[in-house]
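For reference, the structure is listed below as structure tokens.
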Amino acid sequence: MSPTDVPALAVEGVAYAYPDGHTALRRVDLTLAPGERVALLGPNGAGKTTLILHLNGILLPTTGEVHVGGLPVTKPNLREIRRRVGIVFQDPDDQLFMPTVRDDVAFGPANLGVRDEALDKTVAEALEAVGMADAADRPPHHLSFGQRRRVALATVLAMDPQLLVLDEPTSNLDPAARRDLADILVALPVTALIATHDLPYALELCPRTVILDEGTIVADGPTAEILADAALLAAHRLELPYGFDPRRL
Amino acid sequence: MSGGHGHAHGLYRPGATAVHGLAPQVKVAATLAFVFAVVATPREAFWAFGVDALLLVVVARLAAMPLLLLVRRLVIELPFLTFALFLPLVGEAPHTEVLGLSLSEPGLWGAWNILAKGTLGVAATILLASTTSVAELLVGLDRLHVPRVFTAIAGFMVRYAEVITGEARRMRIARLSRGYDPRWLWQGRALAATAGTLFIRSFERGERIHVAMLSRGFAGELPPARSAAAGGDAAGADRRARLLAALVPAVAAAAALTAWITA
């Protein structure tokens, strides 16, 4: 098998129950080819965040396996897995915890052992990629929400991930910040899984969509086809914005 | 954090003076040494305190810090000084007559001691905080080999103070919006519930932050704080600045020593 045949992400038969017995994932099978951008849709409580936490081993499946670039997500591999998988969490205030933007973006690569000039270069490039190079010495809490989300993306890009995972990237963003983020994401040459309630965003950014509901993948196909299936959307508590018709784009 | 709106920058006043440019660890060490020298000065040596005050005025001028602002920020020590105010009233004999009040002489000396040393110490700290950003301070403490755990705790505190006060403010507005405005202690039930909720929320946020840290390869040890602004490591001009910084506590210490010898 040549390296390009190895899926960027392979989730096989993953089930997970929380310690209190609540079953969050019943059975998830999902494969992402390298370079693919895929939208992960589903109602609240479908298990999206739980699935995301499996992709870098924060949670380990009760049954089933996760592979990232061919490497199984197991305890001995966690360090390499977390370098390969970059997760941008929903609340940037959870992700940005260092005194300055520069320190925060440096946190991930520094954990990987990058130091001095190489670290400065990595930080500068990551901030450049999200258009936040000017903010390096500012404390995160002095930035606007949209800027914080971009810096949160930079903290992950600084680790040069092979798989980028975003949890609700457009929540609480104003339309301009939402647009800026889309432009940045489209320009990134990286495999991405984007969990969102923002269906037009999914259509714009992701050629492929999967729907997760009640802990299992219930639909997987081209985004335009899935969004055109009103019955499917309604069955899983999803709805297009008023007046939005994916077939007329 | 009394500002409430917008961005509370704390005490820091950005600037480009020699004092601002000084490496943070030098400033922290000089401030600490100065405070020790002041505390070690005998309370009878009024002239030595005069020298100390003069040193601070010189540093304030160098840092382009308006003296009036410095004095205004000194207000923070007032609650502590009220304690000193009681000493002359409750102190022991001998007593002396001031404006018709019988005041204890040891008490007066005690009050003066607290007032003079407290004011000088607070003023020095205010100068440090006004010329050094929080991020730089943390770098300075780190370079002085303060355990990383302490600088990390301080860093997290500064980072999340605003997030949590923001949360508290929103909860208060939501409470007021439902017509609940407690004024007295016995109406504090909802207030206590708010505090509890805030605690739980902060705890949960802590868990989420920890997950975010793990996701970026955190393995139990924080990387050193590093801010480009906290440079000041160039030779030459910087060496002179460091020498001047060392001069401040040195002069204060010399004054204290002279006062002890001549006393």
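Please state which one of B:PHE156, B:PHE218 is at pLDDT 85 or above, assigned to a loop (DSSP other than H, G, I, E, B) and either outside the structural domain of B:ALA123 (by TED's automatic domain parsing) or basic (Lys, Arg) (or both).
Just one listed residue meets the conditions, B:PHE218.
Applying the selection to the range A:200-246, what residues are within 18 Å of A:GLU168 (Cα to Cα) and among the acidic types (Asp, Glu)?
A:GLU204, A:ASP213, A:GLU239
Out of all the residues in the range B:150-209, which are over 30 Å from B:VAL139 (Cα atoms) and among the aromatic types (Phe, Trp, Tyr)?
Hits for the range B:150-209 are B:TYR180, B:TRP184, B:TRP186.
Restricting the range A:89-116 to residues that are more than 9 Å from chain B (Cβ to nearest Cβ) and surrounded by 24 or more Cβ atoms within 10 Å (Cβ to Cβ), which is farthest from B:SER215 (Cα to Cα)?
The extreme case among them is A:VAL101.
Test of understanding: among A:LEU59, A:LEU55, A:LEU112, A:LEU41, which residue is over 29 Å from A:ARG237 (Cβ atoms) and not aromatic (Phe, Trp, Tyr)?
A:LEU112
Within the range A:1-48, can you find the residues that are surrounded by fewer than 18 Cβ atoms within 10 Å (Cβ to Cβ) and of a type in the set (Val, Ile, Thr)?
A:THR4, A:VAL6, A:THR23, A:THR31
Show the residue pairs that are 6+ apart or on different chains and have beta-carbon atoms under 7 Å apart, the first residue being within the range B:112-132 and without any contact (Cβ under 8 Å) to a residue 60 or more places away in the chain, the second being of a type in the set (D, E, K, R).
Hits for this filter: B:GLY118/B:GLU77; B:THR119/B:GLU77; B:VAL122/B:GLU77.
Yes or no, residue by residue, for (1) at pLDDT below 95; (2) among the acidic types (Asp, Glu); (3) in contact with a Ser or Thr (Cβ under 7 Å, 6 or more places away or on another chain):
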{"residue": "A:GLY45", "(1), (2), (3)": "yes, no, no"}
{"residue": "A:ASN56", "(1), (2), (3)": "yes, no, yes"}
{"residue": "A:LYS75", "(1), (2), (3)": "yes, no, no"}
{"residue": "A:GLU80", "(1), (2), (3)": "yes, yes, no"}
{"residue": "A:PHE97", "(1), (2), (3)": "yes, no, no"}
{"residue": "A:PHE107", "(1), (2), (3)": "yes, no, yes"}
{"residue": "A:LEU112", "(1), (2), (3)": "yes, no, no"}
{"residue": "A:ASP120", "(1), (2), (3)": "yes, yes, no"}
{"residue": "A:HIS142", "(1), (2), (3)": "yes, no, no"}
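Quick check on my filter: what residues within the range A:11-68 are of a type in the set (Gly, Ala, Ser) and within 14 Å of chain B (Cβ to nearest Cβ)?
Within the range A:11-68, A:GLY57 is the sole residue that qualifies.
What do you reckon, is A:LEU119 over 19 Å from the mean Cα position of the chain (by Cα), within 9 Å of chain B (Cβ to nearest Cβ) and not small (Gly, Ala, Ser)?
Yes: the conditions hold for A:LEU119.
Report yes if some residue within the range A:152-164 is closer than 20 Å to A:ASN56 by Cβ, among the β-branched types (Val, Ile, Thr) and either touching a Ser or Thr at 6+ places or on another chain (Cβ under 7 Å) or part of a helix (DSSP H, G or I) (or both); otherwise report no.
Yes: the range A:152-164 contains one or more residues that are closer than 20 Å to A:ASN56 by Cβ, among the β-branched types (Val, Ile, Thr) and either touching a Ser or Thr at 6+ places or on another chain (Cβ under 7 Å) or part of a helix (DSSP H, G or I) (or both).
Being free of Cβ contacts under 8 Å to residues at least 40 places away in the same chain and exposed (fewer than 13 other Cβ atoms within 10 Å of the Cβ) is true for just one of A:ALA235, A:ALA230, A:ALA219, A:ALA224. Which residue is that?
The conditions single out A:ALA230.
Could you tell me whether A:ILE194 is touching a residue at least 12 places away in the same chain (Cβ under 8 Å), away from chain B (no Cβ under 14 Å), within 23 Å of B:VAL211 (Cα to Cα) and in a strand (DSSP E or B)? Write out each step before concluding.
On the way: touching a residue at least 12 places away in the same chain (Cβ under 8 Å): yes; away from chain B (no Cβ under 14 Å): yes; within 23 Å of B:VAL211 (Cα to Cα): yes; in a strand (DSSP E or B): yes.
Taking the combined requirement at face value, the residue satisfies it.
I'd like the residue in the range A:130-151 that is part of a loop (DSSP other than H, G, I, E, B) and within 17 Å of A:VAL186 (Cβ to Cβ) and, out of all such residues, is farthest from the other protein chains (Cβ to nearest Cβ).
Applying the filter and picking the extreme gives A:GLY131.
Test A:ASP93 against the criterion of being charged (D, E, K, R) and over 19 Å from the mean Cα position of the chain (by Cα), and give yes or no.
no
Name the residue, out of B:MET1, B:MET65, that is modelled with pLDDT under 90, closer than 25 Å to B:THR131 by Cα and of a type in the set (A, V, I, L, M). Don't jump to the end; show me each part of the working.
Details: B:MET65 fails: modelled with pLDDT under 90.
The unique qualifying residue is B:MET1.
The values are calculated or read from the model by the stated rules, or taken from the named source; none is laboratory data. This one's a predicted model, so the numbers in the text were calculated from it and none came from an experiment. Every residue, glycine as well, gets a Cβ built from its backbone with ideal geometry; the counts of neighbours run over all protein chains shown.
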